[in-house]
Amino acid sequence: MDKKPALPSALVEEFVAKAHGDFERVKELLADEPALVNAAWDWGGGDWETALGAAAHMGRKEIANFLLAHGARMDVFCAAMLGKLDVVRAIIQADSGAATKPGPHGIPLLRHAEMGGDEAQAVLEYLQSL
């Protein structure tokens with residue numbers, strides 16, 4: 001299998017940054033370069049973030065669901081924001097430390113659940129009970 005060249009860093013940075021809230025630009029960028037879907041940007045000091053991670057901590061469900069539909073890999077932070085209690089519970093049962101491990105920018109799992117609003121209420125209550 002031939003190794004593909006790295007994605008341009010400026011493109012990855014823009015994609016992750018736009019996933020914080022610019023859905024139209026996210027769609028444009030992904031249409032032009034599908035490999036961006038799981039690309040990660042290091043904001044500095046190992047603060048790695050994907051577009052899905054950005055959408056998750058901002059509560060941008062439409063962006064998160066779009067990225068998932070296009071091959072993004074769900075993580076516990078996205079699952080919490082989307083109210084996927086079964087996923088969150090399974091990850092925490094497999095790794096008890098997952099409940100307190102910080103996400104991108106050091107944002108806790110509990111905050112991701114808060115950003116999910118009513119749909120994530122069961123996840124929020126579960127995390128608060130731990």
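What follows draws every value from the coordinates through simple rules; no lab data is involved. Just so it is clear, the structure is predicted and the values come from calculations on it, not from any experiment. Note: ideal-geometry Cβ built from the backbone for every residue, glycine included; neighbour counts use all protein chains shown.
Some observations on this one:
- Among the listed pairs K3/K84; K27/K61; K3/K27, those beyond 24 Å (Cα-Cα): K3/K84; K3/K27
- For the chain, relative contact order (Cα pairs under 8 Å, six or more residues apart, normalised by length) works out to 21 percent.
- Selected from A79, W48, I107, residue furthest toward positive end of dipole (the chain; charges at beta carbon): A79
- Each stretch of four or more DSSP H residues adds -39500 (n - 2.57); spread over every residue of the chain, this sum gives -14500 deg cm²/dmol at 222 nm.
- At most 16 other Cβ within 10 Å, DSSP loop - trypsin sites (Lys or Arg not before Pro), the stretch 28-130: R73
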